[in-house]
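A.B. asks: Mind looking over this structure? Questions follow.
The values are calculated or read from the model by the stated rules, or taken from the named source; none is laboratory data. Worth saying up front: this structure is predicted, and the values here are computed from it rather than measured. FYI the Cβ positions are ideal-geometry reconstructions off the backbone, even for glycines, and counts take in every protein chain you see. Please note that ligands, DNA and RNA were not included when accessible areas were found on the heavy atoms of the full protein model with its side chains. Shrake-Rupley method; radii C 1.70, N 1.55, O 1.52, S 1.80 Å.
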Protein chains: 2
Amino acid sequence: MDFSGDGQLFLSTTINGIDAKGRVSVPAGFRAVVKNDPEEKIYVWPSFEGGYLEGGGQALLDRYLALLEEMDPYDDARAAFEQTIFGDTRGLAFDGTGRVTLPKDLIELAGLDGKAAFVGLGSRFEIWNPDRLAERKASARSFARDNKKSLKLPPRPGGGA
Amino acid sequence: MDFSGDGQLFLSTTINGIDAKGRVSVPAGFRAVVKNDPEEKIYVWPSFEGGYLEGGGQALLDRYLALLEEMDPYDDARAAFEQTIFGDTRGLAFDGTGRVTLPKDLIELAGLDGKAAFVGLGSRFEIWNPDRLAERKASARSFARDNKKSLKLPPRPGGGA
DNA sequence: TGGGATAACATGGGATTTCATGGGAAACAA
DNA sequence: TTGTTTCCCATGAAATCCCATGTTATCCCA
């Protein structure tokens, strides 16, 4: 698949506050990614593992949709994915200053308590309780360090280094 | 002869100052490499080992993204790399005079104190505290000296020495 | 091949804009 | 009405833009 067209990726980790109304500022860089979507929204759903949220823009939903269309209509996995991804997905619109209101059930599901960490992962992002994220990050980092040799870059299109 | 501006590769080492706002001039040759990217930015993240930063242009990011997209969606390794690479990567745009602002946490992570050494490595580059870089260079050199017997050039096609 | 003119580069500081966040009014639902 | 959600404005902090300046590299012409 080719992503060089949009060139806009969810990147970096930002921690923002959640106020009493459940409002949280979406990092400006993330907003820029969905800036030109037909509906200027982000879409958020509970992760499979639980404990945090996943999200993305319209482009990501379209890709998931295309993926499911290719699966057998009576595949159990398809039904499960449909149920989990689309059934629990919320489209969240921005207010005038770039915030969204996270539904209470999602806040509880992710254990968010006044703070939310937005983690950019390229074509999608995750929303974590910052403390939980720190734990996972530590283990992810040591894993990546130990296995970095398995992450071998493919040759550049033009050849060379 | 100067290759640093050929618009293809990050080359040579340049030391520039970091001012009180965290701003640092990106070497002109490095800027030329990303000149025609859709987003004229450099992308910087902490190295796996820590102690210095890695960076590149949109092209490098796309290569990492393509690599990760090929992995199993719920492979632990994929999650770890995604988290470590994209979760900590910052896209840095140039100001009118070719500078970027390094985030404070990256400055601390790399131990940068008023100076930053940009080390060109072809398709990517590294950012070091100049003193640390000198140390690493020294140890790399002695390592190479101790192991020089393993560096045996293959014979030239035409024979000769 | 000088040597001055010109352009490119790195750097400094102040002004301006963007961003995240808080509070309250207005619209809506139960 | 009462609680909830959406919209609008205010504010402080931080990031970004803009202009000025010294310095180095490059060009051009005699």
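A.B. asks: Rounded to the nearest 100 Å², what is the sum over both chains of accessible area buried where B meets A, with a probe of 1.4 Å? Show your work: numbers first, answer last.
C.D. replies: Numbers: alone 10240 and 10270 Å², together 17300 Å².
Interface between B and A: roughly 3200 Å².
A.B. asks: Run through segment B:64-161 and list the GluC sites (Glu not before Pro) located in a DSSP loop whose Cβ has at most 12 other Cβ atoms within 10 Å. Could the numbers behind the result be given before it?
C.D. replies: Working: sites: B:69, B:70, B:82, B:108, B:126, B:135; in loops: B:70.
When the GluC sites (Glu not before Pro) of segment B:64-161 are filtered for loop state and at most 12 Cβ neighbours within 10 Å, B:70 remain.
A.B. asks: List the pair-distance distribution P(r) of segment B:1-85, using every Cα-Cα distance, as the percent of pairs falling in each 5 Å bin from 0 up to the bin containing the longest distance, rounded to whole percents.
C.D. replies: Result, from short to long distances: 3, 12, 17, 20, 19, 14, 9, 5, 1, 0 percent.
A.B. asks: Return the Rg/Rh value of the protein assembly as shown, two decimal places, where both radii are evaluated on C-alpha atoms and Rh is the Kirkwood radius.
C.D. replies: Values: Rg = 22.0 Å, Rh = 21.7 Å.
When Rh is taken as the Kirkwood radius, the ratio is 1.01.
A.B. asks: Which of the residue pairs B:41/B:137; A:41/B:35; B:21/B:115 have a Cα-Cα distance greater than 20 Å in the structure shown?
C.D. replies: Result: B:41/B:137; A:41/B:35 exceed 20 Å.
A.B. asks: Right, here's the next one. Can you pull out the trypsin sites (Lys or Arg not before Pro) in segment A:17-60 whose DSSP state is coil and whose Cβ has at most 15 other Cβ atoms within 10 Å?
C.D. replies: On the way: sites: A:21, A:23, A:31, A:35, A:41; in loops: A:21, A:35.
Answer by residue number: A:21, A:35.
A.B. asks: Under the convention of a label 7 Å out along Cα→Cβ, give the distances in nm from residue A:36 to the same position in every other copy, shortest first.
C.D. replies: Nearest to farthest, the other copies are at 1.9 nm.
A.B. asks: Continuing with this model, one more query. Please state, rounded to one decimal and in Å, the Kirkwood hydrodynamic radius that chain A gives when every pair of distinct Cα atoms enters the mean of 1/r.
C.D. replies: Evaluated on chain A, it is 17.3 Å.
A.B. asks: Taking the solvent-accessible surface of protein heavy atoms with a 1.4 Å probe, what is the per residue accessible area of chain B in Å²? Numbers along the way, then the final one.
C.D. replies: Working: 8650 Å² over 161 residues.
Per-residue accessible area for chain B comes out at 54 Å².
A.B. asks: With a point put 7 Å past each Cα toward its Cβ, work out how far residue B:105 is from residue A:37 in nm, to one decimal.
C.D. replies: Here the answer is 2.4 nm between the modelled labels.
A.B. asks: For residue A:138, go 7 angstrom from Cα along the Cα-to-Cβ vector, then report the distances to that same point in the other copies in nm, smallest first.
C.D. replies: Between copies, matching label points for residue A:138 lie 3.3 nm apart.
A.B. asks: Let me ask another. Using 7 Å Cα-to-Cβ label points, what is the residue A:139/residue B:143 separation (nm, one decimal)?
C.D. replies: Label at residue A:139, label at residue B:143, 3.0 nm between them.
A.B. asks: Sticking with this one: What residues have an amide H closer than 5 Å to that of residue A:42, excluding those fewer than 5 places away on the same chain, when H is modeled at 1.01 Å from N in the peptide plane?
C.D. replies: A:92
A.B. asks: What gaps in nm, shortest first, separate residue B:152 from its twins in the other copies when you place the label 7 Å past Cα toward the beta carbon?
C.D. replies: Result for residue B:152, in nm, nearest copy first: 2.3.
A.B. asks: For chain B, which span is the longest to avoid every loop-located (per DSSP) member of chymotrypsin sites (Phe, Trp or Tyr not before Pro) having at most 12 other Cβ atoms inside 10 Å? Walk me through the intermediate numbers first.
C.D. replies: Working: sites that count: B:3, B:74.
Answer - B:75-161.
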